[in-house]
Structure formats: C-alpha cells, structure tokens
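Visitor: Sharing a structure here in structure tokens format.
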Amino acid sequence: MGPQRSIPQYTLDGVRGADVSTYRYRTEDGLELSLLRFCRQPCDDVVLVVSGLTTSSDMFIMPEHRNLVSFLLDNGFTDVWTADVRFSNRHPYNTQGRRDTLDEVARYDFAPALELIARTTGVDAVHVIAHCLGSTAIMMAVFGQVDGVAGRVRSIVANSVGLTPRVPLWSRIKLAVAPVILEDLLGLRWIGPKWSEQPLCSRGGFIARLIGLFHPECDTSACHMLSLMWGSGHPALYRHENLHPVTHERSADLYGPTGFSYYRHVAKMVR
C-alpha cells in the first residue's frame, strides 16, 4: 500500500474555470510525450510552460498555491500549455536505463510539441516560461536553430538558468563524484526521492537512510534525497519557512527519479 496523500499525485484541481485537455505526440526518436492545455478562450499570446528535470506540469498547477498557470489565465494569457518532455515525472523514461541528455531533449522534444500547439491553436509562435534544466534545453533548441523550434518561439522567460549553468563548489563535487559512486561502483541505474520506501537492505533504501543522518532539519526523507540530488544546502531547494507544509509533504510526488546521464552532461557544462 502506497503512502497516504492529502492531494492526489497528478491532480488537475489546482486550475479552475478552464477547459483542460491532454495532447500526446511522438518524437523523431520514438518516445511518446504529452502536453496539457488549460484554455479559457483562444488568444494570440499562447504560453508554453516547461518544467525542470524530474518535475512536471504538476509544479505549475499545485492546488495548495495560487499557481503559475492560474496566474497567467487570470492575467490575460487565456491559453496556457504545459510540456511534459522525456525527463518529466509524468513519464517513465528516467528509470528505463536510457542514456538521454539535454541534447536529446533539445533536438527531439520541443519541435513536435510546438507544431502540435500551432496546428491546434492557429498561433504560429508562443511565449515560453521555462524552469531550471528545462530552460537550458529550450534555450539549446532555440540557439542551436533546431528545425521547428526557433521560428515558433516569440519570447522566453528562463528561470534559474539559461544556456550556461553555474553551480556552487559542493554541487560541482557532487556532479563529479556521485555518478561514479552510484552508477559505476554500485551499479544503480537511477536516483530518486522515494528511495526510503525501499527496504533498508536495498542499496537505495540504505543510501536514503544514510543521507537522512546529515539532514536533521526535517523528518521527510524525500526532502533529504532532493538535497542530495540537487544543489547545496540544508535543504538545497528551498527554505522550510517559505514552503507550504502540504508542498513539503508532496515533495516525493512533485520530484521524480532521474538517470545519471543528465548529471554527467551537466557536469560537462559546468567544467
């Protein structure tokens, strides 16, 4: 039996007063990906929102907040789409042993999504709001002149990072060391915030409990694992005093697992 949730993992209840549709598309290299559309009425200023690595559309439609999609809809951008590319937590690809990097995301994932949006709405170019490595990937696609991308993007708001990631020293160390230890030496194919749900005798379960010893700031194992996976700090991603307790409780649902090839690619970028 899974953990008890106060909010269902993939809920759409965070957006009110909009028609919600799911669109699926296939990439040139054969993956099925998806878009969510939140439409109050057609408009010329269509917005596409892109999440970071291991998160998903769910980051922008959380019912416990006045979320980004609702804010856009309330402020004149009445046709908002969210993209779940290959590294989204709504897809299984991060745990399948694939060797994808941001190159594949940039090369394959955005062009068919933008073509689908244009075909559906009749609007040729969209505004993009992208977060973290989603920002890096869409910027790579635009600046790399990927067919079907650059001409369909009117503007980009890139949150946290753009083309050139800059990370603290401790993050550089983790990027260099963690894939070697976890993948090369221990034989793990991916890392994820739900490792504590595995038995203590498993590699993931043991690592999650070990990491918890270094994070006395809370008793949520997923939060501890996220501090290992991303950034520097206690915790790495946020200050607890600024975080809604329900969001903290949902951290294992909002952030998913990832394979190590993405870490290796980012490590190359920051060197």
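The values are calculated or read from the model by the stated rules, or taken from the named source; none is laboratory data. Fair warning: this is a prediction, and the values are worked out from it, not measured in the lab. In this analysis, Cβ positions are derived from the backbone assuming ideal geometry, glycine residues included, and neighbour counts consider all displayed protein chains.
Visitor: I'd like to check something: does the stretch 116-127 contain any residue that is surrounded by fewer than 16 Cβ atoms within 10 Å (Cβ to Cβ), outside any loop (DSSP other than H, G, I, E, B) and hydrophobic (A, V, I, L, M, F, W, C)?
Guide: no
Visitor: Can you tell me which of (1) in a strand (DSSP E or B); (2) β-branched (V, I, T); (3) crowded, with 21+ Cβ neighbours inside 10 Å is the one V20 doesn't meet?
Guide: Unmet for V20, out of (1) in a strand (DSSP E or B); (2) β-branched (V, I, T); (3) crowded, with 21+ Cβ neighbours inside 10 Å: (3).
Visitor: Of the residues in the stretch 170-193, how many are surrounded by fewer than 19 Cβ atoms within 10 Å (Cβ to Cβ), touching a helix residue (DSSP H, G or I) at 6+ places or on another chain (Cβ under 8 Å) and under 30 Å from H244 (Cβ atoms)?
Guide: Summing the residues that are surrounded by fewer than 19 Cβ atoms within 10 Å (Cβ to Cβ), touching a helix residue (DSSP H, G or I) at 6+ places or on another chain (Cβ under 8 Å) and under 30 Å from H244 (Cβ atoms) in the stretch 170-193 gives 1.
Visitor: Follow-up. Taking the options T54, T101, T78, name whichever one is at positive phi, outside the structural domain of V246 (by TED's automatic domain parsing) and either surrounded by 20 or more Cβ atoms within 10 Å (Cβ to Cβ) or not small (G, A, S) (or both).
Guide: T54
Visitor: Could you tell me which of the residues L188, L182, L163, L175 is of a type outside the set (D, E), assigned to a loop (DSSP other than H, G, I, E, B) and within 20 Å of S227 (Cβ to Cβ)?
Guide: Sole residue among the options that is of a type outside the set (D, E), assigned to a loop (DSSP other than H, G, I, E, B) and within 20 Å of S227 (Cβ to Cβ): L188.
Visitor: Name every residue in the stretch 79-115 that is polar (S, T, N, Q) and either in a helix (DSSP H, G or I) or closer than 17 Å to G52 by Cα (or both), in order of residue number.
Guide: Selection gives T82, S88, N89, N94, T95, T101.
Visitor: Further question: Hey, could you check the stretch 195-234 for residues that are modelled with pLDDT under 95 and of a type in the set (F, W, Y) and say which is farthest from V177 (Cα to Cα)?
Guide: Per the stated criteria, the residue is F214.
Visitor: Continuing with the same structure: Any residue at all in the stretch 247-262 that's crowded, with 19+ Cβ neighbours inside 10 Å, within 21 Å of M59 (Cβ to Cβ), of a type in the set (K, R) and not assigned by TED's automatic domain parsing to the domain that holds D84?
Guide: Taking every residue of the stretch 247-262 in turn, at least one turns out to be crowded, with 19+ Cβ neighbours inside 10 Å, within 21 Å of M59 (Cβ to Cβ), of a type in the set (K, R) and not assigned by TED's automatic domain parsing to the domain that holds D84.
Visitor: Tell me yes or no: at least one residue of the stretch 222-235 is assigned by TED's automatic domain parsing to the domain that holds K174, assigned to a loop (DSSP other than H, G, I, E, B), over 22 Å from P165 (Cα atoms) and over 19 Å from the mean Cα position of the chain (by Cα).
Guide: no
Yes or no, residue by residue, for (1) free of Cβ contacts under 8 Å to residues at least 12 places away in the same chain; (2) within 21 Å of R152 (Cβ to Cβ); (3) in a loop (DSSP other than H, G, I, E, B):
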| residue | (1), (2), (3) |
| --- | --- |
| R5 | no, no, yes |
| Y10 | no, no, yes |
| D13 | no, no, yes |
| Y25 | no, yes, no |
| D29 | no, yes, yes |
| S34 | no, yes, no |
| C43 | no, yes, yes |
| T54 | no, no, yes |
| M59 | no, no, no |
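Let's see how each residue does on (1) more than 20 Å from S261 (Cβ to Cβ); (2) out of contact with any Gly (no Cβ under 7 Å at 6 or more places or on another chain); (3) not β-branched (V, I, T); (4) not assigned by TED's automatic domain parsing to the domain that holds R209:
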site	(1), (2), (3), (4)
M139	no, no, yes, yes
A150	yes, yes, yes, yes
A178	no, yes, yes, no
W195	no, no, yes, no
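Visitor: Answer with yes or no whether V69 is part of a loop (DSSP other than H, G, I, E, B), among the aliphatic types (A, V, I, L, M) and surrounded by 19 or more Cβ atoms within 10 Å (Cβ to Cβ).
Guide: Spelling it out, it is not the case that V69 is part of a loop (DSSP other than H, G, I, E, B), among the aliphatic types (A, V, I, L, M) and surrounded by 19 or more Cβ atoms within 10 Å (Cβ to Cβ).
Visitor: Could I ask something else about it? Would you mind stating whether S135 is crowded, with 22+ Cβ neighbours inside 10 Å, part of a loop (DSSP other than H, G, I, E, B) and either at negative phi or of a type in the set (D, E) (or both)?
Guide: Answer is no for this residue.
Visitor: Look through the stretch 81-98, keep the residues that are within 14 Å of L36 (Cα to Cα) and hydrophobic (A, V, I, L, M, F, W, C), and return whichever of them is surrounded by the most Cβ atoms within 10 Å (Cβ to Cβ).
Guide: Selected residue: V85.
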